[in-house]
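Student: Following this message is one structure expressed as C-alpha cells.
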C-alpha cells in the first residue's frame, strides 16, 4: 500500500456549499489509512505555487462540522489561470511542491476551468511518471457544467433566487401605483439561475425573464415595460447579468472624467427606462447574497456535496481514475421521488465547455407555463437544512490554518 | 353593549411582520361579540376614502394563518398623506365611510405618520361626537418610533442585515486581493438597522459603519478606504442609505440628457472611490430583501406583533383608549432572560418624532466594542420561526378580498 498525502484546493467563485465539499473530503480522508497528510492549499493553485499548504487534520471536529454552514471559500479561492503549456514554469513549480509534500492524491474543487487544470495536471504527472492521481469535484452556481444533471451550489443559489424574488415581488405589489421592478440574477453565460423565477406561483411570476442565451432588443424591452406599467401601474422583470443590453451610448452615464458607473445591468436598464418612459423603477441586484446565503442551503445540495466529495476521496486512491471528475445523474426512487447517483466522467469532457439553458426550457418559459424548468428544479430546492446560531446569526468555521512546512 | 364593526388598515413601507399584526387583529377580533364586521381597507387611508373595504371574516383559516409568513402589506399600503386640517374634505369623506359601515373601532397600523393619523381621527370623532375609537399599531424597520423599546419589523430586518453582512463579508474574504465591499442598509434618518452590523463576530466586522446621525466627510471616507485596501487588499464598509454623501458634482454620473443614475448611495460612493483610488469595488444594496425577507422573521418579532395587535383589539373596545397606541417596554424574567410588556401610550407622543440611534451607542461602536448595541439587539433576533413551504419556497396568504358593499 502506498502511503501518500492528499491535497485539496478550491477555485473560482464560491458557492454556499463549496465548504461542504471540504467537509466531505476531510471526514472521508480520515477513514483511509493509505492517506497520510490531509492538506489544503491556500488560495487555490496559487497556494500550491507558493507552497502555502495547511494541515487539515489539525482542525477540530466542531470547526470541520461548521464548514457545512460557512459561505465563501474557507481555504481561499484564486482567479489565477494556468498556462495551456504544461511544460511552462508554473507546472515545474507545482511538481516541486507536490513532490516535496509527497502528495499522491490531488483534488481540485471548481468549475470548468478547474476541470481543465485537473486534466492538465493528471496528464503532466503521467508524463513525468510521478505517482499522483488528480480528480475534480464540480461546483458552480451557474449550473453550466457539461454532463452533470446539475452543479453543486446551484440548488442553494436557486432557492435563494426563487425565495427572494417572491418576497420582493409581493412587497412591490403592496402599492396601488408600484414600481417597475428589475431584478438582476447571476449567470454570465447561462440563464439557469435566472430561470429559478419559474418557481413562483403563477400570479407572482415576472412579466418577462431575460436570458443570456437569447438576443436582447432594448426597444422591445422598453415597449414591454411601458405597456405593463400602463396596464397595471407596475411591472416585474428578471434578467440575467450576462444579457448584452447594448444601451445606446448617449444614455450611458459618465462623470466629467468619462468614468462609467459601477455596477449592474439592472441599474443601467432601470435608469434607461426611467428616463425614457418616466416610470418609477426599482433595480435590485442579488449580488453576493445569492452565492453566499447559507440560510438557503438546500438539503439535496448539502447531501450531494458530501456524497460527491466522499466518492472523490475514495476514487482518487485508484490510479485509473486520475483525470476524472465525480458527476451526478438524476434518477427516481421506486416511489417516484428524486434521487441522484454519483459517477465518474473524464474531467476533459467538462473542461471549457458551457452547458446552456436548453432551448425547449426557454421556449416553455416564454410560451408555455415553465413546467420543464419547474420539474427540473423543484426536487433540488425542496428542503432546507438546520443551522447552528450564535447571537442570532449563523456560526461559521474559522480554520486554524496550521502551516505545513 | 354597543355592537359595531372594526376597521383595520396598513400604511407606509411594509415589514416582514406587518401581516402578522393583521393575523393578530383578525384572530383576536373574532373572539369579541361586541365586534360585528371585521373589515380591512384596501391601500390604507385611500381605501377608506374610496370606500374600498373588504370582509376579513370571509378569509379562511389557512389563509389567515399564512399571513404570518407573507411579506408586503397584504391589504395594500399607501403613500397618501392626509391634510393637517381635520376639517378638510378628506376627513368629511372618512366620516361618511366610517358611518356608512357602522365602524366603531378603527386600527391604524403604521409608523409615525400613521400615529399622527390616529391622533387626528380620534380628535375628529370626539369633536363630531361620533362613537368610534381609534388606536395605533406600530411598525417600521427603521426602529425610529419614539417611546418604544423597538418597533415591530425592526428585529426581523436586523436579523436579515446581520446575517447577510456576515455571509457576503466571508465571501469577500475568499480572495487574496478582494474588493472594497460597500453595503447600503435602509434607514433614511436613523442608523438603527445599519448598526446591526455589530452582531458580526469581531474578526468579521466592518472597517467602518456610517450613520445618518453623523456628518459624513467624503475625503475622510476615501482616505480610510485607500488605507484599508493598501493594508489588507480589501475593505468592508457599511453605510446607511440616509447618509448625505455630498459627492462632488464633477464625479456624479449623468447621461447626455443630464439624467442621473438610478439607485443607491453604495453604488455612487463605490464609483467615486473606484475612480479616485483605482481600487476594485463591489457595491451591495440590501434593497427590498431586508424588509420583505420572510426567511429571517424572528420569534420575538412575530410574538410581539401578535401580542400587540391582540392588545390593540382588546383596548380599542374601551372609549378611553381612543388616540392611543400599543407600545413595548423591555424587561427581564426572574432568570435574567429578555421579556417585553405591552402598554398604552398616547399616539400623539409618537407622531412626527424620530428616535435617533443614541450618541452613546454610536460612540461605543466607533470607539468601544459595540456592546451597547449588541446587548440591545441580540435577544430580539435570537430565534427564527418555522415556515411552511411549497415547491421549495414559502407559501403566502392570497386574500379573497370580498368587498363590503
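Student: Rounded to the nearest angstrom and ordered from largest down, what semi-axes does the equivalent ellipsoid of the stretch A:210-362 get from its C-alpha gyration tensor (root of 5λ)?
Tutor: Those come to 43, 20, 16 Å.
Student: Hey, another quick one. What distance in nm lies between label points placed 7 Å from Cα along the C-beta direction at residue B:227 and residue B:215?
Tutor: Here the answer is 1.8 nm between the modelled labels.
Student: For the stretch A:143-210 and the stretch B:1-44, what is the separation of their C-alpha centers, rounded to whole Å?
Tutor: Cα centroid of the stretch A:143-210 versus Cα centroid of the stretch B:1-44: 33 Å apart.
Student: Tell me the distances, shortest first, between residue A:83 and the same position across the other copies, using label points 7 Å along Cα→Cβ, in nm to one decimal.
Tutor: Those separations, rounded to one decimal, come out as 8.1 nm.
Student: Using only the alpha carbons of the stretch A:154-292, what is the convex hull's orientation-averaged projected area in square nanometres?
Tutor: If I average the Cα hull's projected area over directions, I get 8.6 nm².
Student: Which percent of Cα-Cα pairs in chain B sits in each 10 Å bin, short to long?
Tutor: So the P(r) values, bin by bin, are 5, 22, 28, 22, 15, 6, 1, 0.
Student: Please compute the modelled spin-label separation between residue A:90 and residue B:320, points set 7 Å along Cα→Cβ, answer in nm with one decimal.
Tutor: In this crude label model, residue B:320 to residue A:90 measures out at 8.0 nm.
Student: Continuing with this model, one more query. Name the chain B residue with the Cβ nearest the axis that maps B onto A: which is it, and what is the distance in angstrom?
Tutor: Reported as residue, whole Å: B:253, 2.
Student: Rg and Dmax of the stretch B:8-72, using alpha carbons, in Å: what are they?
Tutor: Here Rg and the maximum Cα pair distance are 11.8, 33 Å.
Student: Could you tell me the relative contact order of the stretch A:154-292? Use alpha-carbon pairs under 8 Å, at least six residues apart, and round to a whole percent.
Tutor: Computed value for the stretch A:154-292: 33 percent relative contact order.
Student: Cα centroids of the stretch A:292-318 and the stretch B:222-292: how far apart, whole angstrom?
Tutor: Each part's Cα centre sits 37 Å from the other's.
Student: Please give the helix B:371-381 orientation as an angle from the longest Cα principal axis of chain B, in degrees from 0 to 90, rounded to the nearest 10.
Tutor: 50 degrees
Student: So how far, in whole Å, is the C-alpha centre of the stretch A:332-389 from the one of the stretch B:76-114?
Tutor: Going from one Cα centre to the other spans 51 Å.
Student: Mind pulling the per residue volume of the convex hull built on the Cα atoms of the stretch B:303-405? Å³ is fine.
Tutor: Per residue, the Cα convex hull of the stretch B:303-405 comes to 218 Å³.
Student: Please report, for residue A:246, the nm distances (one decimal) from its label point, 7 Å out from Cα along the beta-carbon direction, to the equivalent points in the remaining copies, shortest first.
Tutor: 4.4
Student: To continue, here is another question. Which residues does the label zone of residue B:31 cover in the stretch B:277-315, counting backbone N under 20 Å from a point 7 Å along Cα→Cβ?
Tutor: The answer is B:300-315.
Student: Please give the length that would be gained between residue A:383 and residue A:363 if that part of the chain were fully extended, namely 0.36 nm times their separation in residues minus their C-alpha to C-alpha distance (nm, one decimal).
Tutor: Here the answer is 4.4 nm.
Student: Helix-only estimate, please: 222 nm mean residue ellipticity of chain B, summing -39500 (n - 2.57) across DSSP H runs of length 4 or more and dividing by its residues, to the nearest 500.
Tutor: Theoretical 222 nm ellipticity from helices: -11000 deg cm²/dmol.
Student: Report, in degrees rounded to the nearest 10, the 0 to 90 angle that the Cα long axis of helix A:218-232 makes with the longest principal axis of chain A.
Tutor: 60 degrees
Student: Out of A:236, A:154, A:277, any idea which swings most in a Gaussian network model of chain A, alpha carbons joined below 10 Å?
Tutor: Among A:236, A:154, A:277, the largest GNM mean-square fluctuation belongs to A:277.
Student: Taking only the Cα atoms of the stretch A:6-122, how large is their convex hull per residue, in Å³?
Tutor: About 91 Å³ per residue, rounded to a whole number.
Student: Give the nm distances, rounded to one decimal, from residue B:126 to the matching residue in every other copy, measuring between label points 7 Å along Cα toward the beta carbon; shortest first.
Tutor: With the label placed 7 Å along Cα→Cβ, residue B:126 yields 9.0 nm.
Student: While we're looking at this one, here's another question. Normalised radius of gyration for the stretch A:92-202, please: alpha carbon Rg relative to 2.2 N^0.38 Å, two decimal places. Before the final figure, lay out each step's value.
Tutor: Details: Rg = 21.2 Å, N = 111, 2.2 N^0.38 = 13.2 Å.
Here the Cα radius of gyration is 1.61 times the empirical estimate.
Student: Other chains near A:250-257: what is the mean number of their Cβ atoms within 10 Å of each residue's Cβ?
Tutor: Numbers: counts 3, 4, 3, 11, 4, 11, 7, 3.
Per residue, the average neighbour count from other chains is 6.
Student: Rg(Cα) of the protein assembly as shown divided by 2.2 N^0.38 Å?
Tutor: Taking N as the residue count of the protein assembly as shown, the ratio is 1.00.
Student: Now for a separate question. What order do you get for B:23, A:175, A:343 when you list them from fewest to most C-beta neighbours inside 10 Å?
Tutor: A:343, A:175, B:23
Student: While we're here: Would you mind telling me which residue in A:392, A:293, A:384 has the biggest mean-square fluctuation in a Gaussian network model of chain A, where springs connect alpha carbons within a distance under 10 angstrom?
Tutor: Residue with maximal mean-square fluctuation among A:392, A:293, A:384: A:392.
Student: Could you work out the mean count of beta carbons from other protein chains within 10 Å of each residue's beta carbon in A:390-402?
Tutor: 5
Student: Could you work out the percent of alpha carbon pairs in the stretch B:282-341 separated by over 18 Å, rounded to a whole number?
Tutor: I get 57 percent for the Cα pairs in the stretch B:282-341 exceeding 18 Å.
Student: Work out Dmax and Rg for the stretch A:264-309 from the C-alpha atoms and quote the Rg first, both in angstrom.
Tutor: 17.8, 52
Student: Of the candidates B:30, B:68, B:232, which one comes out as most mobile in a Gaussian network treatment of chain B with C-alpha springs shorter than 10 Å?
Tutor: Most flexible of the set in this elastic network: B:232.
Just so you know, all these numbers are worked out from the coordinates, no wet-lab data involved. Worth saying up front: this structure is predicted, and the values here are computed from it rather than measured. FYI the Cβ positions are ideal-geometry reconstructions off the backbone, even for glycines, and counts take in every protein chain you see.
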